[in-house]
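Undergrad: I'd like to ask you about the structure that follows.
Computed from the coordinates by the stated procedures, all read-outs in this text should not be read as laboratory data. Since the model is a prediction, treat every value here as computed from it, not as a measurement. Note that each Cβ is placed from the backbone with ideal geometry, even for glycine, and that neighbours are counted across all protein chains shown.
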Amino acid sequence: MNRIKNLIALGCLSMLAACGSQSPVLMQVSGNTAQALKAQCAQAMVQGPEIKLADSLVSSAALLAEKKKMVEAIQTYDNATVLYRIALLRREQLVAEKDIQNLEKSVSMAQSQRDTYNRVLVELKNMKK
């Protein structure tokens, strides 16, 4: 039983050591992802509370990275990334809802036009009789 506990503890320590050595790389990837999404939001002119909070988190993450608090910086960048993605998805949802409304209007107009053509056709058939 003690041997299993020792193996588990050794495995956990190995995982922590491996993660620790990769922290700078992970921090850079997280930071780059957050910055790319920030730029994408700016280009798409996405605004809202998520953007403000995400921008603040990116600034905080950069300060944490300067202080060599890699794990906290990674987590903060990742939180900002999630907020940017939420903002982009909300924007996408609004665009999709507008598209649906426009399509529904087009379908309604087409049905109205079809009904008008059908009435005219019936009247023309009645005139022939």
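Undergrad: Give the cross-link partners of residue 68 among the aspartates and glutamates, using a straight C-alpha distance below 19 Å as the criterion and excluding same-chain residues fewer than 8 apart.
TA: Counting by Cα, and skipping residues close in sequence, residue 68 has these aspartates and glutamates nearby: 78.
Undergrad: Per the Cauchy relation, a quarter of the hull surface: what is the mean projected area of the convex hull of the alpha carbons in segment 67-110, in nm²?
TA: Spelled out: convex hull of the Cα atoms, projected over all directions, averaged, 3.0 nm².
Undergrad: Additional query: What spacing in nm lies between the two simple spin-label points modelled at residue 116 and residue 102, each 7 Å away from Cα in the Cβ direction?
TA: With each label placed 7 Å out from Cα toward Cβ, I get 2.2 nm.
Undergrad: Using the Karplus equation 6.51 cos²θ - 1.76 cosθ + 1.60 (θ = phi - 60°), what ³J(HN,Hα) coupling, rounded to whole Hz, does each residue of segment 44-56 give in order, writing x for Gly and Pro?
TA: Ordered by residue, 3J(HN,Hα) equals 7, 6, 7, 10, x, x, 5, 5, 4, 5, 4, 4, 5 Hz.
Undergrad: Which lysines, if any, have their Cα less than 26 Å from the Cα of residue 69, not counting same-chain residues under 8 positions apart?
TA: Residue 69 reaches 38, 52.
Undergrad: Also, I was wondering about something else. Under the Karplus relation 6.51 cos²θ - 1.76 cosθ + 1.60, θ = phi - 60°, what is the ordered set of whole-Hz ³J(HN,Hα) values for segment 119-126, x standing for Gly and Pro?
TA: These are the phi-based 3J(HN,Hα) values: 5, 5, 4, 5, 5, 5, 5, 5 Hz.
Undergrad: Something else now. Could you compute the net charge surrounding residue 89? Neighbours are other residues with a C-beta less than 13 Å from the C-beta of residue 89; K and R count +1, D and E count -1.
TA: Neighbourhood net charge equals 0.
Undergrad: Assuming 0.36 nm per residue, please report the length gained on full extension of the stretch residue 86 to residue 109 beyond their Cα-Cα distance.
TA: Computed gain between residue 86 and residue 109 is 4.8 nm.
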